[in-house]
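Structure, as structure tokens:
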Amino acid sequence: QVQLVESGGGLVQAGGSLRLSCAASGRTFSRYIMGWFRQAPGKEREFVGAITWSGDTTYYANSVKGRFTISKDDAKNTVYLQMNSLKFEDTAVYYCALNQSPIPRPVRGYDYWGQGTQVTVSS
């Protein structure tokens, strides 16, 4: 089993920044992808970005490209989502998730999920 715990959410004004953290514990995998997703009220969960096990490849949704950055600290078993230039439409519950395969998958392909952290951007 894998446990994922997100933190760092909160209320921020438009144009501001937040950094989300996702701490992982439990079973380890040698090759995997860690993803960030978000879900706004009344909307489906959507992909935000992901990072491979090596940290040398990242993927981003077009809506956040150039504003959000994913990184990882292996010593702390933590993945980060740095969010800059936040917009009202970034308001959502943000989730981290683990894809235990090295092959990118859609949202349904992720095997473990955190509980989510709320990000609210005021306009």
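The values are calculated or read from the model by the stated rules, or taken from the named source; none is laboratory data. This is a predicted model, so every value here is computed, not measured. In this analysis, Cβ positions are derived from the backbone assuming ideal geometry, glycine residues included, and neighbour counts consider all displayed protein chains. Side chains included, ligands, DNA and RNA excluded: accessible areas come from the protein's heavy atoms. Shrake-Rupley method; radii C 1.70, N 1.55, O 1.52, S 1.80 Å.
Summary table below
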quantity: FRET efficiency, Lys76 to Arg108 (Cβ-Cβ, R0 30 Å, nearest 0.05); calculated: 0.60
quantity: Dipole magnitude (debye, nearest 20) for the chain, charges at Cβ of Lys, Arg, Asp, Glu; calculated: 100 debye
quantity: Inter-site label distance for Arg19 and Arg67 at 7 Å from Cα along Cβ, in nm; calculated: 2.0 nm
quantity: Residues of type lysines that Lys65 reaches as a straight line, Cα spacing below 17 Å, ignoring anything fewer than 8 places off in the same chain; calculated: Lys87
quantity: Distance between modelled label sites at Gln1 and Ser30, nm, 7 Å Cα→Cβ extension; calculated: 2.6 nm
quantity: Volume in Å³ per residue [convex hull over Cα atoms, computed for segment 12-83]; calculated: 118 Å³
quantity: The chain, accessible surface, carbon-and-sulfur percent (1.4 angstrom probe); calculated: 48 percent
quantity: Diffusion constant of the chain at 37 °C, which comes from Stokes-Einstein with the Kirkwood Cα-pair radius and 0.692 mPa s, µm²/s; calculated: 230 µm²/s
quantity: Heavy-atom accessible area order for Glu46, Glu6, Glu89, largest first, 1.4 Å probe; calculated: Glu89, Glu46, Glu6
